[in-house]
Amino acid sequence: MGMTMTQKILAAHAGLDHVTAGQLIEAKLDLVLGNDITSPVAINEFERIGASSVFSKDNIALVMDHFTPNKDIKAAEQCRQVRNFANKYDIKNYYDVGDMGIEHALLPEKGIVGPGDCIIGADSHTCTYGALGAFSTGVGSTDMAYGMITGKTWFKVPSAIKVVLKNKLQNYVSGKDVILHLIGMIGVDGALYRSLEFTGDGIESLTMDDRLTIANMAIEAGAKNGIFPVDKVTLDYCEGRCQRPFTVYEADEDAEYDEVIEIDLATLRPTVAFPHLPENTKTVDEFGPQDIKIDQVVIGSCTNGRTEDLRVAAEILKGKKVAKNVRCIIIPATQKIYLEAVRNGWAEIFIEAGAVFSTPTCGPCLGGHMGILGKGERAVSTTNRNFVGRMGHIESEIYLASPAVAAASAITGYITDPTK
């Protein structure tokens with residue numbers, strides 16, 4: 001029996017000719033990632049066991065993004081600890097205020113991750129890099145610590161679900177709608193510890209930003225990872241960007257999948273995940289234009305703070321005003337994207353519309369800062385989770401949507417169909 005794309009990457013990094021689902025392997029790592037919340041825990045473990053060196057100063061990335069610029073003393077102390085660690089061990093890929101971004105947007109942009117890589121990160125949305133044809137998955141901080149020391153970790157080889165994408169998305173329907181639709185189909189545990197392997201002719205019409213969004217939220221279906229084939233879009237993105245040579249892996253024709261799911265992209269409509277789970281989805285056709293009044297809109301995060309996301313938001317907001325009593329917060333995912341927004345005139349559009357245009361940060365996504373919700377408030381957010389209390393008060397509500405839906409909703413003050 002052949003291997004899936006994920007299984008081929010894991011086999012290669014374990015030095016094996018073949019692996020099967022459920023097999024325990026020890027694999028070499030191309031990158032170990034941590035942020036300002038998870039890295040201090042890993043550093044404490046690193047020091048507790050008496051480690052005195054890292055496996056590679058070039059293959060560790062430490063990104064200060066969740067509570068930066070520091071929101072309080074505790075956040076400042078966490079970043080200081082990581083900064084000192086990075087300086088002590090001469091970590092090449094350390095990113096802080098001024099040269100930073102949200103980790104899962106920054107690493108692909110910088111070319112730190114690429115096709116065929118085996119990556120772990122002490123953040124659940126590390127699965128984002130599957131968009132580039134890499135195996136990447138989230139781990140705990142203890143695993144991060146041992147990964148920094150040894151450059152290896154243990155995996156149970158996952159089985160896989162094949163997701164066949166057909167045809168092409170309509171205008172103002174995006175990768176966010178694709179992944180919300182899929183999660184709505186299979187549920188938040190529908191892919192538990194399995195790979196979501198995307199394939200089909202519809203992939204060629206998806207931008208890299210679409211793919212990064214879809215792979216980012218694979219974890220919201222319980223998946224170990226999400227992964228896309230390496231095609232012209234991938235290679236064009238990686239050209240002149242990736243910092244090291246990469247290997248392209250393809251699934252065998254006789255690879256074994258637990259199930260096959262087909263999605264016709266042409267039939268998808270803008271989709272919203274209602275509180276309090278990403279699986280609680282409805283299309284904009286399933287509720288009225290003034291059914292859901294909102295207090296806040298957030299456009300940003302590691303899921304939807306990229307160039308294409310801001311372009312769409314600017315297109316919809318241009319010449320319009322944010323509704324009275326609605327707070328619209330727009331957060332580019334990296335400094336480069338921020339600069340593109342300024343140069344393209346989008347920043348001016350956002351500000352003239354009455355939105356806040358922020359420095360890159362995870363901020364409100366995890367209830368950190370830059371947009372916390374109060375009791376009874378509702379937000380439309382392009383982030384990835386809408387759990388109880390995720391963005392603030394336990395009696396607040398989060399509706400997950402695309403940048404197009406979010407921007408259209410900011411104008412009306414209600415969750416709104418951007419295609420009308």
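The values are calculated or read from the model by the stated rules, or taken from the named source; none is laboratory data. Note that the structure is predicted; figures quoted are calculated from it, not measured. A quick note on method: Cβ atoms are made from the backbone with ideal geometry, for glycine too, and the neighbour counts reach across all protein chains shown. Protein only, heavy atoms only, side chains kept; ligands, DNA and RNA dropped before computing areas. Shrake-Rupley method; radii C 1.70, N 1.55, O 1.52, S 1.80 Å.
Things to note:
- Square roots of 5 times each gyration tensor eigenvalue, C-alpha, the stretch 287-420, largest first, Å: 21, 17, 12
- Overall form of the stretch 273-327 per C-alpha gyration tensor (a/c, 1.5; a/b vs b/c): oblate
- Couplings for the stretch 163-179, taken from phi via the Karplus curve 6.51 cos²θ - 1.76 cosθ + 1.60 with θ = phi - 60°, read 10, 9, 9, 10, 6, 9, 5, 7, 4, 6, 10, 9, x, 4, 5, 4, 6 Hz in order; Gly and Pro are left as x.
- Summary value for the stretch 151-272: 43 percent relative contact order, contacts being C-alpha pairs under 8 angstrom separated by 6+ residues.
- Summing +1 for each Lys or Arg and -1 for each Asp or Glu among the other residues whose beta-carbon sits under 12 angstrom from that of residue 190 gives -4.
- Take 143-155, 109-121 and order them by the average number of nearby Cβ atoms within 10 Å per residue, most first; the result is 109-121, 143-155.
- Chain lengthening between residue 80 and residue 311 when straightened (0.36 nm per residue, less Cα-Cα): 79.7 nm
- Gap separating the Cα centres of the stretch 1-16 and the stretch 106-165, nearest whole Å: 14 Å
- Within the shell of other residues whose beta carbon sits under 14 angstrom from the beta carbon of residue 400, the net charge comes to 0, with Lys and Arg scored +1 and Asp and Glu -1.
- Across the stretch 178-336, counting alpha-carbon atoms alone, Rg and Dmax equal 17.8, 57 Å.
- FRET efficiency estimate (nearest 0.05) - Cβ-Cβ, residue 152 to residue 262, R0 35 angstrom: 0.40
- For residue 143, net neighbour charge (Lys/Arg +1, Asp/Glu -1) across residues whose Cβ lies under 14 Å away: 0
- Contact order normalised by residue count of the chain, Cα under 8 Å, 6+ apart, percent: 18 percent
- Rg/Rh ratio calculated on Cα atoms of the chain (Kirkwood radius): 0.96
- Helices in the chain, meaning DSSP H runs of at least 4 residues, each add -39500 (n - 2.57). Divided by all residues, the mean residue ellipticity at 222 nm is -8500 deg cm²/dmol.
- Mean accessible surface per residue for the chain, computed with a 1.4 Å probe while every protein chain stays in place, in Å²: 38 Å²
- Stokes-Einstein D (µm²/s) once Rh is taken as the Kirkwood radius of the stretch 122-204 over alpha-carbon pairs, at 4 °C in 1.567 mPa s: 87 µm²/s
- Whole-Å distance, taken between Cα centres, linking the stretch 355-420 and the stretch 20-70: 30 Å
- The stretch 236-292 versus the stretch 176-220: alpha-carbon centroid distance in Å: 3 Å
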